[in-house]
Amino acid sequence: MCPVGSECVDGTCIETDPCAGVTCTRGESCSEGLCVADAPGGDSTAGANFYIGNCRSCHGANASGGTGENAGPGIVGYPAAQLQAGVTGSAIHIHASLTLTADDYANVAAFLSP
Ligand code: HEC
C-alpha cells in the first residue's frame, strides 16, 4: 500500500499528486503542493451587469475610457482594491451616488480582468 497521493509502480511508491494531504486555509488552494491564494472570486456576469448599469456611461462600453463631459479614464484590468480606491477617491463618483459593496467590486474586477 502506498500513501495517499502516490501509487505503486513496479514495486515502488511514486508520488502522483503533490497536493494529496495538503490542507490549505480558506481563500487558498493547493497548486503543485503549495498553498496559493485563490483567483479573485468575483462573478464576471454580475460584474458586467453592474458595470453597464453604473459605470459605462462615463467609462465607456468596454471600459477603455469614456468620451464627453464626465468621461472617466480606462479601467480595464483594475483589481477590486484599485477600483475601490478610484471610486471612493474621486468626487465624481460621490456626485453620481455610487455605492458599491465588496462583492460589487470583486464582480466588476472579474468583469474587467482582460
Ligand atoms: C459620472 C461619471 C462616472 C461614473 C458613473 C463612474 N465614473 Fe469612475 N471616474 C469618472 C471620472 C471623471 C474619473 C476621473 C476622476 C479624477 O481623475 O478625479 C473616474 C475615475 C475612476 C477610477 C480611477 C481611475 C484611475 O486610474 O485613477 C476608477 C477606478 C473608477 N473611476 C471606477 C468606476 C467604477 C467601477 C464605476 C461604476 C461603479 C465608475 N467609475 C462610475 C467618472 C465616472
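Descriptive notes on the structure:
- Within the stretch 76-92, residues that are small (Gly, Ala, Ser) sit with their Cβ atoms under 8 Å from residues that are assigned to a helix (DSSP H, G or I) and loosely packed, with under 14 Cβ neighbours inside 10 Å, at 6+ positions apart or across chains, in these pairs: Ala80/Ala102.
- For the stretch 83-98, the criterion of being at pLDDT below 90, part of a loop (DSSP other than H, G, I, E, B), hydrophobic (A, V, I, L, M, F, W, C) and within 13 Å of the ligand (Cβ to nearest atom) is met by at least one residue.
- Considering the conditions (1) more than 17 Å from Ala110 (Cβ to Cβ); (2) hydroxyl-bearing (Ser, Thr, Tyr); (3) under 18 Å from the mean Cα position of the chain (by Cα), Tyr78 is excluded by exactly one of them, (1).
- Single match in Ala96, Ala85 (criterion: under 20 Å from the mean Cα position of the chain (by Cα) and aliphatic (A, V, I, L, M)): Ala85
- Residue match in the stretch 29-49 (condition: within 17 Å of the chain's Cα centre (by Cα), part of a strand (DSSP E or B) and either closer than 18 Å to Ser113 by Cα or not β-branched (Val, Ile, Thr) (or both)): yes
- Residue that is surrounded by the fewest Cβ atoms within 10 Å (Cβ to Cβ), among those in the stretch 46-69 that are near the ligand (Cβ under 6 Å from one of its atoms) and without any contact (Cβ under 8 Å) to a residue 24 or more places away in the chain: Ser57
The values are calculated or read from the model by the stated rules, or taken from the named source; none is laboratory data. Keep in mind the model is a prediction, meaning the values are calculated, not measured. Methodologically, a virtual Cβ is constructed for each residue, glycine included, from the backbone with ideal geometry; neighbour enumeration extends over all protein chains shown.
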